[in-house]
1. Going by the conditions given, is LEU211 buried (at least 23 other Cβ atoms within 10 Å of the Cβ), of a type in the set (A, V, I, L, M, F, W, C) and touching a residue at least 40 places away in the same chain (Cβ under 8 Å)?
2. Can you find a residue that is buried (at least 22 other Cβ atoms within 10 Å of the Cβ) and aliphatic (A, V, I, L, M) anywhere in the range 99-109?
3. I need a count of the residues in the range 341-388 that are modelled with pLDDT under 95, over 17 Å from GLN466 (Cα atoms) and among the hydroxyl-bearing types (Ser, Thr, Tyr).
4. May I ask you to say which residue of ASN109, ASN90, ASN101 is modelled with pLDDT of 95 or more, in contact with a Pro (Cβ under 8 Å, 6 or more places away or on another chain) and polar (S, T, N, Q)?
5. Return yes when TYR141 is at pLDDT 90 or above, assigned to a helix (DSSP H, G or I) and of a type in the set (Ser, Thr, Tyr) and no when it is not.
6. Looking at the range 54-79, I want the residues that are farther than 22 Å from MET504 by Cβ and have a partner that is assigned to a helix (DSSP H, G or I) and of a type in the set (A, V, I, L, M, F, W, C) with Cβ atoms under 7 Å, at least 6 apart or on another chain. Which pairs are those?
7. Only one of PHE132, PHE105 is over 30 Å from ASP257 (Cβ atoms) and touching a residue at least 60 places away in the same chain (Cβ under 8 Å). Can you tell me which?
8. Can you tell me which residues in the range 113-156 are in contact with a helix residue (DSSP H, G or I) (Cβ under 9 Å, 6 or more places away or on another chain), surrounded by 18 or more Cβ atoms within 10 Å (Cβ to Cβ) and under 30 Å from PRO46 (Cβ atoms)?
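The values are calculated or read from the model by the stated rules, or taken from the named source; none is laboratory data. What you see is a predicted model; the values in this text were computed from it and never measured. Ideal geometry is used to build each Cβ from the backbone, glycine not excepted, and the neighbour counts take in all protein chains shown.
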Amino acid sequence: MSNIFDNNRTVQQVVVAGAAVSAILTLLAAKYNDRPIGYEHPKGIPYKSGLPLLGNLPLLLNNKERIYDFQLDLLEELDTLTMTLPVAGNPTAVLTIDPQNVNYFLKENFKNYLKGPKFKQSLGELLGNGIFNANGEQWRYQRKTASHIFNVKNFRDDFTDVFVKEMLVMCSQIMDKAAKQRTVIDFHDLMFKFTLDSFVYLGFGVQLNSLLQENKVPFAVSFDHLQRLGALRFIDPFRPLIETATRFIPWKMSTQDHIRVIDKFAADVIAQRRKEIAEGKTDHKDLLSRFMNTDNENGEKLNDVELRDTVLNFIIAGRDTTAQALSWLFYNISLQPRIEQKMLEEIEKNNITDELEKDSPALYEVISNMHYLHAVFYETLRLHPSVPSNQKYALEDDVWPDGTVIKAGYYINWTPYAQGRSTKIWGPNAKEFYPERWIDEEGHLRRENAGKWPVFHAGPRVCLGQNLATLEALVCVAMLLKRYSFDIVADQTVTYDLSLTLPMKYGLKLYVRERSTSSTTV
């Protein structure tokens, strides 16, 4: 009998406790009817209203695969706003599209905005303390060292030669065969192999020959996976739980497995160079060799962990951004024969011959003055910026040019993707691919203020490799268009994938046709 009474008492206690929890949740939901518990909307900043207790998390998760267009939708309504996520500490994040604001925190008050704790949490395993993740002296010595290799003499005499050689491999081994056999190529994949081979050789003196491999090299697979993972961590607070669960699925590579792959790649590159130096081969002029002779912020030579971070950070810069830009460029011109025709006319006018391709200094000078090709490249980056969204962290209270009050500890976000497509910034034809917007009345190339067009960042952290990326892209474009025309395969979905950069989710399938050398007709 006593057991029955005990059971009834237990049931009653559970019911009472449940009612109490329900009452508490109801009260909390009433108070935090559009935001997470403990979060208060900052005064004076518009915000996107969310759900009780969850804030904007469901909205972000539902839109994560189109996150940059989702941000564009928000910013077409408001120039600056906040969003909320139910994460530890509920930090305030301010998203802006205003060019004045972007110019201000990237240039004018640069010292107040650093890569914050969230960057370390999300990207620490991949980027370590490399240049993209570093602040202060760690960042300064890396930038100073890298700047010595990004100069006009190297571009003219060495880099152009490497790009041409890799392009000739691609043309003779892949494009010619695809044209003759009328087979479909994944242009996006080829661009990644081209830029990986080029930059790993220029940066680290290693010849990968990934262009000649049918499948992706394992390093590239893991590298891409970790970049997508890093982007997801900024959006999805449940990502750590998912990663932990993956460790117990034996047939699936875990985060740690992918990290081991990229760590081994970096370790092998560094070990090979140390071996060469020990053997007296000290004539290397690549990026890795320069960093091996550099002192860190403590006045000591870089250890293997610091060199590993350097290798991986510069591979993102040298491989991913240019490969993606080239893919989006050829996608856009495949839809607009008018633009391709004008590019061909400029290539023919500048006499990009086989003989010129063998003279790197001369080719460099010619490419540097091809204004329309530059305009097409800039227009590609306007609509498809290689870093579509970015973030920093405020050290001290501040006031932006539009009057937005920023408190210490706020995260600030800007999105070159949304800026490039905003009709408020670029006018009614903002979403149209129109390279002529980059040519002035005299036919010269124009550049926009970085606050309006921050695709190469701005201020002290402006992209060191922007001229290198432009040169590599335009050598590739000129050499391919001179030899081939490309037809886009029908009924394919071309869209971006969620990552730290802007890759194509399903690649870009194209047919290749040999172009008549006597005609520039599309």
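1. On the way: buried (at least 23 other Cβ atoms within 10 Å of the Cβ): no; of a type in the set (A, V, I, L, M, F, W, C): yes; touching a residue at least 40 places away in the same chain (Cβ under 8 Å): yes.
Taking the combined requirement at face value, the residue does not satisfy it.
2. Yes - at least one qualifying residue is present in the range 99-109.
3. Summing the residues that are modelled with pLDDT under 95, over 17 Å from GLN466 (Cα atoms) and among the hydroxyl-bearing types (Ser, Thr, Tyr) in the range 341-388 gives 2.
4. Working: ASN109 fails: in contact with a Pro (Cβ under 8 Å, 6 or more places away or on another chain); ASN90 fails: modelled with pLDDT of 95 or more.
Being modelled with pLDDT of 95 or more, in contact with a Pro (Cβ under 8 Å, 6 or more places away or on another chain) and polar (S, T, N, Q) holds for just one of ASN109, ASN90, ASN101, which is ASN101.
5. Details: at pLDDT 90 or above: no; assigned to a helix (DSSP H, G or I): yes; of a type in the set (Ser, Thr, Tyr): yes.
The answer is no for TYR141.
6. Sorted first by the residue in the range 54-79, then by its partner, the pairs are LEU60/ILE235; LEU75/ALA418.
7. Working: PHE132 fails: over 30 Å from ASP257 (Cβ atoms).
Every option except PHE105 fails the conditions.
8. Matches in the range 113-156: TYR113, LYS115, PHE119, SER122, LEU123.
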